[in-house]
Amino acid sequence: MDLESVAKALKELGHPTRLFIYKHLVKSGHQGVPVGQLQQELSIPNSTLSHHISSLVSAGLVVQHRDGRTLYCVAQYEILEGVIGFLQDECCVLEGDNAP
């Protein structure tokens, strides 16, 4: 992942409500969670939930799909892995340069 994509993902996950939503979606697996269930668990207005989901979708962290009348949100694990990989790739590479 490039710097801009990782920064956008981290920015969107920096909001407590979005982080809660994303964590819940990641735990739920590839089948995702119905939007109505998320709304019940969070007890927030639909418009507020829609705003948060839209932010996660725009960062590529979540996709939505419809099954009949039910709209599901699904975490995009490859994006999560990309963000984690980006952060781990450079872990401790300067450690040897700072040794006394």
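Coordinate-derived values only; no laboratory data. Keep in mind that what you see is a predicted model, and the values were worked out from it rather than measured. Positions of Cβ are generated from backbone atoms using ideal geometry, with glycine treated the same way; all protein chains shown enter the neighbour counts.
Structure notes:
- Per-pair calculated FRET efficiency, R0 = 25 Å: Leu71 and Ser43 via Cβ, rounded to 0.05: 0.85
- In segment 26-75, inverting the average of 1/r over every pair of distinct C-alpha atoms gives 11.0 Å as the Kirkwood radius.
- Where only DSSP H runs of four or more residues are counted, the chain gives -18000 deg cm²/dmol as its mean residue ellipticity at 222 nm, each run worth -39500 (n - 2.57).
- Here the Karplus relation 6.51 cos²θ - 1.76 cosθ + 1.60, evaluated at θ = phi - 60°, turns the backbone of segment 14-19 into coupling constants of x, 9, x, 5, 5, 5 Hz, with x for every Gly and Pro.
- log₁₀ of I(q)/I(0) at q = 0.13, 0.21, 0.23, 0.27 Å⁻¹ - segment 2-46, Debye sum with one point per alpha carbon: -0.35, -0.77, -0.86, -0.99
- Placing +1 on the Cβ of every Lys and Arg and -1 on the Cβ of every Asp and Glu, with nothing else charged, gives the chain a dipole about its Cα centre of roughly 720 debye.
- D_trans [Stokes-Einstein, Kirkwood Rh over alpha-carbon pairs] for the chain, 20 °C, 1.002 mPa s, µm² s⁻¹: 146 µm²/s
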